[in-house]
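The structure appears below as structure tokens.
The values are calculated or read from the model by the stated rules, or taken from the named source; none is laboratory data. Predicted model only: the values in this text are computed from it and were never measured. Cβ placement follows ideal geometry from the backbone for every residue including glycine, while neighbour counts extend to all protein chains displayed.
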Amino acid sequence: MGAGPEFGSAGESWVLGLDGGGSKTALAYVSSAGEVVGPFYAPGTNPFDRPEWEAVLRAFLSAHPAPGPLVRASLGLPGYGESPAFSARQVDICAELFSDCPHSVMNDVEAAFVGAFAGGLGTLLLAGTGSMVWAEDCSPQGGTRQLRVGGWGEGFGDEGSAYWIGRRALGLASQSLDGRHPDADFADLLLTPVLGEFPTQTALLTWYYGQTHARSAVAALARSVNDLADAGQPTAQIILLEAAELLAQHVSAARRQLGNPDLPWSYAGSVLGSRTVLGALTTLLGTPQVPALPPLGGALFHAASRAGFTTDTDWQARVRAPLLSTSTPQPLLQEQA
């Protein structure tokens, strides 16, 4: 990875953080002085449902070279640690791209965990396109114990995720269209803005099977469900409350297995930007710890810590502001500050 001339302060050392995901991938650099360059965005890089993930990752990193000497990189990649073949390929690609730079590869949810707790312990609930918990607590034998719950993908669950919300909404909308659901208005309210016409079976099936990446298209419907819920639409509200209950089960399972019912919890991902979902989770689990940094900030924190940068609360504030202020791309749901 070479240095680019257009950004950055002369003489500064830089680290790279990358946050991969099912629908989008984000990249930024931070200097030893806390200056942030980025974020930059690319499509998702989940190897389980993105055959082009490797080409996207290579092109993305090539298009945004470091603004100065790169001393460390940390990459949170979807699917890492879940498939030996994919994980090995991810490690090989990063070793090739960062052959002259120390780097770390981790699961994207672990990177989000690092950001939320800034190196501390707790339970991180991530609900974006998919859903998963990553938890760490003190081990009775000394040190820490790591645990993950969920993250099985849409074929098995991803309960409470944006994909789950969109899929649930489509199911109820189809029932609304053919008279099986008592909320006759739900299909019209949800689908007319998406289809550009009054929804019919033909229009809906044409839309769905015409998507180049159906999982992302379905997950994007979560924003519409949230907007309807905020406006008081009852079916949309029920869907989001169901999602919250399923997400709470992830955290409860992690706390139970770690033997610590009071383990702090925090959150990341677009679904947790929903007031309805976050409010219900607060009732079910207790008040969450506000994330110290967003997921991309977690990758940057990981790299900066290992590069010897000062990563105190002042540094975190300098890094957090540009990561949260960016407006492109829009999250699936509106993120809360």
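Failed condition for Ala184, given (1) in contact with a His (Cβ under 9 Å, 6 or more places away or on another chain); (2) among the aliphatic types (A, V, I, L, M); (3) exposed (fewer than 13 other Cβ atoms within 10 Å of the Cβ), with all others met?
(1)
Only residues that are crowded, with 16+ Cβ neighbours inside 10 Å and more than 20 Å from the chain's Cα centre (by Cα): list them for region 254-268, please.
Result: Arg255, Leu258, Asn260, Leu263.
Can you tell me which residue is surrounded by the fewest Cβ atoms within 10 Å (Cβ to Cβ) among those in region 110-121 that are at pLDDT 90 or above and touching a Phe, Trp or Tyr at 6+ places or on another chain (Cβ under 8 Å)?
Ala118
What are the pairs, 6+ residues apart or on separate chains, where a residue within region 40-64 that is closer than 25 Å to Val30 by Cβ and aliphatic (A, V, I, L, M) has its Cβ under 6 Å from a residue that is part of a loop (DSSP other than H, G, I, E, B) and modelled with pLDDT of 95 or more?
Close Cβ pairs (under 6 Å, with a partner that is part of a loop (DSSP other than H, G, I, E, B) and modelled with pLDDT of 95 or more) do not exist here.
Identify all residues within region 243-254 that are of a type in the set (A, V, I, L, M, F, W, C) and without any contact (Cβ under 8 Å) to a residue 40 or more places away in the chain; write none if there are none.
Across region 243-254, the qualifying residue is only Ala248.
Can you work out which of the residues in region 232-253 that are among the aliphatic types (A, V, I, L, M), within 15 Å of Phe186 (Cβ to Cβ) and crowded, with 18+ Cβ neighbours inside 10 Å is farthest from the chain's Cα centre (by Cα)?
Looking at residues that are among the aliphatic types (A, V, I, L, M), within 15 Å of Phe186 (Cβ to Cβ) and crowded, with 18+ Cβ neighbours inside 10 Å, I get Ala236.
Identify all residues within region 47-63 that are under 21 Å from His302 (Cα atoms) and surrounded by 22 or more Cβ atoms within 10 Å (Cβ to Cβ); write none if there are none.
Correct list: Leu57, Leu61.
Answer yes if at least one residue in region 68-77 is assigned by TED's automatic domain parsing to the domain that holds Gly298 and free of Cβ contacts under 8 Å to residues at least 60 places away in the same chain, and no otherwise.
Within region 68-77 (the criterion being assigned by TED's automatic domain parsing to the domain that holds Gly298 and free of Cβ contacts under 8 Å to residues at least 60 places away in the same chain), the answer is yes, since at least one residue qualifies.
Residue check: is Glu82 under 30 Å from Arg223 (Cα atoms) and among the acidic types (Asp, Glu)?
Yes, satisfied.
Please tell me if Leu240 is touching a residue at least 60 places away in the same chain (Cβ under 8 Å), in contact with a helix residue (DSSP H, G or I) (Cβ under 8 Å, 6 or more places away or on another chain) and assigned to a loop (DSSP other than H, G, I, E, B).
It is false that Leu240 is touching a residue at least 60 places away in the same chain (Cβ under 8 Å), in contact with a helix residue (DSSP H, G or I) (Cβ under 8 Å, 6 or more places away or on another chain) and assigned to a loop (DSSP other than H, G, I, E, B).
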